[in-house]
Structure formats: C-alpha cells, structure tokens
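Visitor: Encoded as structure tokens, here's the structure I'll be asking about.
The values are calculated or read from the model by the stated rules, or taken from the named source; none is laboratory data. Since we're looking at a predicted model, the values are computed, not measured. As a convention, Cβ positions derive from the backbone with ideal geometry for all residues, glycine included, and neighbour counts pool all protein chains shown. Accessible surface areas use protein heavy atoms only, side chains included; no ligands, DNA or RNA. Shrake-Rupley method; radii C 1.70, N 1.55, O 1.52, S 1.80 Å.
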Amino acid sequence: MMKYFILITLFIWTLAFVLGYNVDAKHFSSTAENLNQFNSYVREQTIASVLLNNSYVVLLNYLGFITIGMLTAGNLFFNGFFLGNILKGISTQLTIDTIILKILPHVIELFAVWYSASIGFKLSYIVLMRLFSTKKHNLKNEFFRSLNQVAVCLIVILIAAFLEMKISVKI
C-alpha cells in the first residue's frame with residue numbers, strides 16, 4: 001500500500017518541480033550577483049541550522065495528516081516548485097557538471113522529504129478511512145508505527161545536513 005503514497009508524493013513534487021523550472025525566473029536576472037549572494041548565504045549556515053530547517057520540512061510533511069494531507073501536498077509542491085525555479089536560475093550560470101556536484105549531496109535529504117510525505121499521506125488515508133469507512137483502521141497503531149519511520153527520516157536529514165555543510169559548501 002505504501003507504494004501508492006510514494007507515487008502520489010513523487011507525482012506532486014515532480015509536477016511542482018517542472019512548473020517551477022518552466023516559470024520565468026526573472027529574479028535571477030543579475031545572475032552573478034544572485035549566485036554570489038546565495039553562496040554567501042549557504043556558507044553562513046551551520047549543520048544545526050540546516051538540520052533544523054530540513055527537520056521542519058520532514059515534520060510538516062508527516063504531520064500533514066492532521067489536515068488530511070493538504071499541508072503535506074502544499075509543502076511538497078512548494079519545495080518542488082522552489083527547487084525547479086532555483087535550478088532554472090542557476091542553469092544559465094553554471095555548467096551541468098557543477099550543478100550536479102552542487103545538487104548531489106542534497107539528493108539524500110530529498111529521499112527523506114519524499115518518504116516523510118508518503119507517511120503523511122498514508123496517515124491521511126487512514127484518518128479518512130476511519131471517518132468514512134465501515135472497516136475501521138487502527139489509527140493509533142499506525143501513528144506509533146510511523147514514528148519509527150519518521151525517526152529514520154530525521155536520521156537521514158542529520159546525515160544530509162552534515163554532508164551538505166562539509167561537501168556542498170566546498171564545491
């Protein structure tokens with residue numbers, strides 16, 4: 001059953017990414033200046049600040065079940081759109097090799113973001129089934145089982161934050 005929620009997650013994120021990439025990125029018009037500002041911002045970050053930010057995204061995705069998946073879908077869409085738009089903006093400034101090197105350490109955190117969203121969607125489904133179905137699902141058991149999965153996502157986010165600050169910043 002989880003594969004359906006993973007597919008929903010990837011569909012929403014990919015759709016948003018493509019839309020973000022295809023939106024005119026006028027805010028990247030002064031390319032060198034914006035890239036330098038972005039690089040300065042990244043260098044000022046610490047492992048703790050990156051971990052906190054990414055943990056916030058994972059927890060929003062997970063707790064989106066409270067809004068029956070709306071918060072999860074919105075968060076996924078925003079993150080996909082933003083990344084697509086950023087990639088479009090820097091694609092005119094950097095070579096494909098440099099872009100891949102800069103993005104590669106972030107792929108790990110994307111898996112945690114996507115999986116946490118899938119968990120949020122699964123719990124949303126269970127809430128809906130509990131409310132409207134004659135077959136009652138045990139929300140309490142699923143919630144506690146999902147806490148282990150979210151803990152794994154947060155550990156992945158910790159590893160990603162470390163890699164991001166130790167590798168990405170130096171590229």
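Visitor: Quick one: accessible area per residue over the chain, 1.4 Å probe, rounded to a whole number of Å²?
Guide: Accessible surface, normalised per residue, equals 59 Å².
Visitor: In percent, how large is the relative contact order of the chain, given Cα pairs closer than 8 Å and 6 or more residues apart?
Guide: Normalised by residue count, the contact order of the chain is 34 percent.
Visitor: Using the Karplus equation 6.51 cos²θ - 1.76 cosθ + 1.60 (θ = phi - 60°), what ³J(HN,Hα) coupling, rounded to whole Hz, does each residue of region 148-155 give in order, writing x for Gly and Pro?
Guide: 5, 5, 5, 4, 5, 4, 5, 5
Visitor: Which whole-Hz couplings ³J(HN,Hα) result when phi for each residue of region 63-72 is put into the Karplus expression 6.51 cos²θ - 1.76 cosθ + 1.60, θ = phi - 60°, listed in order with x for Gly and Pro?
Guide: 6, x, 4, 5, 9, 6, x, 5, 5, 4
Visitor: While we're on this one: For region 113-118, just list the computed ³J(HN,Hα) in residue order, Karplus coefficients 6.51, -1.76 and 1.60, θ = phi - 60°, integers in Hz, with x standing in for Gly and Pro.
Guide: 5, 5, 5, 5, 5, 4
Visitor: Just to confirm the number: angle between the C-alpha axis of helix 31-44 and the first principal axis of the chain, 0 to 90 degrees, nearest 10?
Guide: The answer is roughly 60 degrees.
Visitor: At a 10 angstrom cut-off on C-beta neighbours, averaged per residue, how do the peptides 55-63, 111-119, 130-138, 71-79 rank from highest to lowest?
Guide: So the order, starting with the most tightly packed, is 111-119, 71-79, 55-63, 130-138.
Visitor: Return the FRET efficiency for the residue pair Leu10, Gln93: r is the Cβ-Cβ distance, R0 is 45 Å, and the value is rounded to the nearest 0.05.
Guide: The formula returns an efficiency of 0.95 here.
Visitor: So what's the chain giving for Cα Rg divided by 2.2 N^0.38 Å, two decimals?
Guide: My calculation over the Cα atoms of the chain gives 1.14.
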